[in-house]
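The values are calculated or read from the model by the stated rules, or taken from the named source; none is laboratory data. Since we're looking at a predicted model, the values are computed, not measured. Cβ atoms come from the backbone with ideal geometry, glycine included; neighbour counts cover every protein chain shown.
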Amino acid sequence: MTDQQTAFLVRHEKFEGPLEVLLELVEKRKLFVNDISLASVTDDYLSYIQQKKVPAEQVAGFVAVAATLILIKARSLLPNLELSPEEAQSIEELEYRLKLYQLISAVAPKLIVLYGKKPIYLPRVKVEMVVFAPDPTLGLERLPELIKSILGRVPKEVVEPKKPEAVVYKTISISEVLGSLTDRIMAAAQTTFSNIAVASPDKDEKSQKVYTIVSFLGMLELVRRGFIDAEQPELFEEISIQKLEAEVVVPDLEETHE
Amino acid sequence: MSDNAKTIEALLYAEAREFSIVELAKLLQISKEAVREALEELKKSLEEHGIVVVEQGEAVSLGSHPSAAKIIESLRKEMLSKELTKAAAETLAVILYHPGISKPEIEFIRGVNASYSIRLLQMRGLIEQKHKEGDARVAVYTATSEALQHFGITSAAELPEFAALSEQLGTLLAHDKKI
Amino acid sequence: MSDNAKTIEALLYAEAREFSIVELAKLLQISKEAVREALEELKKSLEEHGIVVVEQGEAVSLGSHPSAAKIIESLRKEMLSKELTKAAAETLAVILYHPGISKPEIEFIRGVNASYSIRLLQMRGLIEQKHKEGDARVAVYTATSEALQHFGITSAAELPEFAALSEQLGTLLAHDKKI
């Protein structure tokens, strides 16, 4: 394989993946992988997403991890928060996915060092005694099919690479969501959570879930900072929100940890 | 050395490619068990030699001893590629330590799309696609003997921390299936 | 076995050709006498093996034991008479529709290592290796005239859908080079 081929294939993977970023944040703080360490790096992770432009094809992966982290953080802020079985499962899943990835990312550098250092060589290919021996079952008419099946197998991205300038970057702006949330709280001195939860611009259920979770985290953040008071009389009932101060500063996640 | 071990050695040498245990059993008209015994014998008798037996899964081949790598390399114009990127190394690691893993499982562990890494590793001859036992619709991946050769080892068991790591991966992945 | 004997064995095995005593002495940076001693040692330790040391005057090489000749011959006959595997058939098709293609290019298009298929097709006289025009170091492959005759055509242009398919293959490869 030529260097260009390698370069082409590798370029697509240069961008760090969601688990890679998360593991780096946990390991930077010399923490073990568990829900406590994940809650403590949530802000860093959200801020990473805000600062770096996540390639379009990876947005879904980053959002899914971010949503789970927010859930973990929310649970750590509200110990009596009841999680649905799916939510509990997504937390557990993120934890052991990260543990799996940690194992692999620890051994990979060892393989890189070992690779090609002292290889075992196979003997050179010997083509002695050529005997003309065609395959009678392989006729002319089958050849186009063979080529077409090969062409069909080539990954689409290899055939039509996105030019770097043409790549559409989509970023998830957590602060935008939080800003809009705050505006609504300002507008209505007293409101309920379902009124202020930000609607997802995409109409699908999955992305609305993420927006609701982000809105919820934003609300918790405001409670923690003493700007609002939230009350939920019964489990799964509507949460009522009360503004405590006249001035509400848009919580800027980047500011909280830098 | 027994006749079987001798014949297998001669065959592997003359054909200069890998053979599966099944293929050897058919050619020699002996049982797979007898092939495995002969291979053990061959491995033992080559212990002090410049030739090694490489076993990966069900495939067997002969290769030069890693200690002679430098001198052989000096004679070869066609260089082995010596670089593994982080992405390729991680994908290869997952496949080496958990043979028969599927693409979704690789992606589950690494958190990113694995198409490019898989294709790259296939093109370099380091991994190959197979059908999952019991479910031919599912494509799974295993490392090739060539991958072991690049690392200068004769079986996957010689990989760093192989036993512990492959067990941990197995446990964590089994957990996934319970959910 | 001594280090010298081990290295010579590895070298003879990997390079699969004759070496002169002088050449071995130079490569190992030892005296001719030391090479002869190491060869004697190697011969002795291979006595019970399927691989033998072949000495012709000042030239040394390895060979397979004559006792395995029959099985090797029948294997080769079988290999020549069997249907082409899908991998070999695809490789042949790619070479037919894109004459003068190199091994890395075949691997790029098919996404898998092509060494074994190329060797098989060469041994069956269906393709031949040539040097690339303008860069003699690069080996490229074309179908043999016997292969074309077998398909009942006199040039690749007569292949079904040749223009469209060879263009698509060309685009794939050209795009690869642009990056």
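Working carefully through the options C:88, C:139, C:157, find the one that is within 14 Å of chain B (Cβ to nearest Cβ) and either free of Cβ contacts under 8 Å to residues at least 24 places away in the same chain or surrounded by 18 or more Cβ atoms within 10 Å (Cβ to Cβ) (or both).
C:88
Filter segment B:64-74 down to the residues that are surrounded by fewer than 17 Cβ atoms within 10 Å (Cβ to Cβ) and more than 8 Å from chain C (Cβ to nearest Cβ) and list them by number.
Residues satisfying the conditions are B:70, B:73.
Which residue is surrounded by the fewest Cβ atoms within 10 Å (Cβ to Cβ), if the candidates are limited to segment C:160-175 and must be of a type outside the set (Ser, Thr, Tyr), within 14 Å of residue C:99 (Cβ to Cβ) and under 27 Å from the mean Cα position of the chain (by Cα)?
Residue satisfying both the conditions and the ranking: C:170.
Being touching a Gly at 6+ places or on another chain (Cβ under 7 Å), free of Cβ contacts under 8 Å to residues at least 24 places away in the same chain and either surrounded by 22 or more Cβ atoms within 10 Å (Cβ to Cβ) or more than 18 Å from residue A:120 (Cα to Cα) (or both) is the requirement here; does residue C:14 meet it?
no
Looking only at segment B:108-131, which residues are of a type outside the set (Phe, Trp, Tyr) and more than 14 Å from chain C (Cβ to nearest Cβ)?
Across segment B:108-131, the qualifying residues are B:109, B:110, B:111, B:112, B:113.
Return the residues of segment A:124-141 that are closer than 30 Å to residue B:66 by Cα and facing another protein chain (nearest Cβ under 7 Å); say none if nothing qualifies.
The answer is A:124, A:125, A:126, A:127.
Suppose the filter is in contact with an Asp or Glu (Cβ under 9 Å, 6 or more places away or on another chain) and in a helix (DSSP H, G or I); does residue C:84 pass it?
no
Here is a check on your reading of the model: is residue B:61 within 12 Å of chain C (Cβ to nearest Cβ), surrounded by 17 or more Cβ atoms within 10 Å (Cβ to Cβ) and hydroxyl-bearing (Ser, Thr, Tyr)?
yes
For segment B:17-27, what are the residues that are of a type outside the set (Lys, Arg) and facing chain C (nearest Cβ under 7 Å)?
Answer for segment B:17-27, where residues must be of a type outside the set (Lys, Arg) and facing chain C (nearest Cβ under 7 Å): just B:27.
Taking the conditions exactly as written (among the charged types (D, E, K, R), part of a strand (DSSP E or B), under 30 Å from residue A:129 (Cβ atoms) and more than 7 Å from every other protein chain (Cβ to nearest Cβ)), does residue C:105 satisfy them or not?
So residue C:105 fails the test.
Give the residue, chosen from A:96, A:121, A:115, that is touching a helix residue (DSSP H, G or I) at 6+ places or on another chain (Cβ under 6 Å), farther than 30 Å from residue B:154 by Cα and within 9 Å of another protein chain (Cβ to nearest Cβ).
A:96
For segment C:47-65, indicate whether the set of residues that are in a helix (DSSP H, G or I) and of a type outside the set (Phe, Trp, Tyr) is non-empty.
no
Is it the case that residue C:88 is closer than 29 Å to residue B:118 by Cα and within 17 Å of the chain's Cα centre (by Cα)?
Spelling it out, residue C:88 is indeed closer than 29 Å to residue B:118 by Cα and within 17 Å of the chain's Cα centre (by Cα).
Which of (1) surrounded by 16 or more Cβ atoms within 10 Å (Cβ to Cβ); (2) within 17 Å of the chain's Cα centre (by Cα); (3) of a type in the set (Gly, Ala, Ser) is the odd one out, the single condition residue B:20 does not satisfy?
The failed condition is (1).
Taking the options A:100, A:151, A:143, A:138, name whichever one is more than 25 Å from residue C:109 (Cα to Cα) and either modelled with pLDDT of 90 or more or within 45 Å of the chain's Cα centre (by Cα) (or both).
A:100
Touching a strand residue (DSSP E or B) at 6+ places or on another chain (Cβ under 9 Å), closer than 26 Å to residue A:89 by Cβ and either assigned to a strand (DSSP E or B) or more than 11 Å from every other protein chain (Cβ to nearest Cβ) (or both), is that true of residue B:94?
So residue B:94 fails the test.
Give the residues of segment C:96-119 that are more than 21 Å from residue B:126 (Cβ to Cβ) and either among the β-branched types (Val, Ile, Thr) or modelled with pLDDT under 90 (or both), sorted by residue number.
Correct list: C:101 only.
Residue by residue, here is whether (1) crowded, with 21+ Cβ neighbours inside 10 Å; (2) of a type in the set (Gly, Ala, Ser); (3) free of Cβ contacts under 8 Å to residues at least 24 places away in the same chain; (4) over 30 Å from residue C:147 (Cα atoms) holds:
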{"residue": "A:36", "(1), (2), (3), (4)": "no, no, no, yes"}
{"residue": "A:64", "(1), (2), (3), (4)": "no, yes, no, yes"}
{"residue": "A:70", "(1), (2), (3), (4)": "yes, no, no, yes"}
{"residue": "A:101", "(1), (2), (3), (4)": "yes, no, no, yes"}
{"residue": "A:117", "(1), (2), (3), (4)": "no, no, yes, yes"}
{"residue": "A:123", "(1), (2), (3), (4)": "yes, no, yes, no"}
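Which helices (runs of 4 or more DSSP H) does segment A:1-81 wholly contain that include 3 or more residues that are at pLDDT 85 or above and among the hydroxyl-bearing types (Ser, Thr, Tyr)?
A:35-51
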